[in-house]
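Each remark here refers to the structure printed beneath this line.
The values are calculated or read from the model by the stated rules, or taken from the named source; none is laboratory data. As the structure is a computational prediction, the values presented were derived from the model and not from experiment. Methodologically, a virtual Cβ is constructed for each residue, glycine included, from the backbone with ideal geometry; neighbour enumeration extends over all protein chains shown.
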Amino acid sequence: MELAAYANFAVRLVNSEEPERGTDSLTSVEAVRALFGPSGRAAGLADEADLPRLRAVRTRLRGVFEAAAEGDEVRGVDLLNSLMIEYPVSPLVSGHDYLDDAGRPRWHLHLADNAPTAAANFTAVACMGLAIHLTELGADRLGICQAAPCRNAYLDTSTNRSRRYCSDRCATRANVAAYRARKREEARRAAAAA
């Protein structure tokens, strides 16, 4: 796995809560396991104690995305660094399942899942992935959805740094709302002129 892909772990955790809507899907051990995806060995470590730990990390990670979205890169990096100090990672060289044309392993880096708890493992991997994404692409590539009331986090991977929404659904909803607002304003102006 490309290390930057681990940044999606951070997005999944942050988006497990929608504060503006008052929803939180991180309510069970099964929800913790689901965050890891289908291949997460460390998910087997998940227990009830991971719920409050991950909720606390989620709040801190949301702060990273919000700081970046507000243009406060230094604060975002400081918040991320504090998490990475608290949750260190162990890289491993791996060659599993990937062979080149000569049958040799294609060596690549993975992040070891050797932390003592599922929450510690998930946090270490998510923060490292986010750090790689941020350092390779820039802090302005971390965002918070601009469609009200959505406040989901996203990673901007667009070629022109133009992403403003977490999903096509939110983009469509925001565009339709803007269109309707323009039409209402046009109708108001026409009525005032008549």
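Here's the yes/no breakdown for (1) at pLDDT 90 or above; (2) outside any helix (DSSP H, G or I); (3) within 15 Å of the chain's Cα centre (by Cα):
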| site | (1), (2), (3) |
| --- | --- |
| M128 | yes, no, yes |
| A131 | yes, no, yes |
| G143 | yes, yes, yes |
| T159 | no, yes, no |
| C166 | yes, yes, yes |
| A174 | no, no, no |
| A177 | no, no, no |
| A181 | no, no, no |
| A187 | no, no, no |
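Residues in the range 14-40 that are free of Cβ contacts under 8 Å to residues at least 40 places away in the same chain and among the small types (G, A, S) were compared, and the one that is farthest from T123 (Cα to Cα) is G22. From the residues in the range 114-152 that are of a type in the set (D, E, K, R) and surrounded by fewer than 21 Cβ atoms within 10 Å (Cβ to Cβ), which one is nearest to Y165 (Cα to Cα)? Once the filter is applied, the top-ranked residue is R141. For first residues located in the range 43-66 and touching a residue at least 40 places away in the same chain (Cβ under 8 Å), partners that are of a type in the set (K, R) and lie 6+ apart or on another chain with Cβ distances below 6 Å form the pairs A43/R33; A46/R33. Looking at the range 67-110, which of the residues that are of a type in the set (A, V, I, L, M) and modelled with pLDDT under 90 is nearest to L130 (Cα to Cα)? Once the filter is applied, the top-ranked residue is V89. Residues that are more than 28 Å from H110 (Cα to Cα) and touching a helix residue (DSSP H, G or I) at 6+ places or on another chain (Cβ under 8 Å) within the range 152-178 comprise R164, Y165, listed in sequence order.
Taken as a whole, the range 3-11 holds at least one residue that is at pLDDT 95 or above and surrounded by 14 or more Cβ atoms within 10 Å (Cβ to Cβ). State yes or no: is A46 farther than 29 Å from D156 by Cβ, surrounded by 13 or more Cβ atoms within 10 Å (Cβ to Cβ) and small (G, A, S)? It is true that A46 is farther than 29 Å from D156 by Cβ, surrounded by 13 or more Cβ atoms within 10 Å (Cβ to Cβ) and small (G, A, S).
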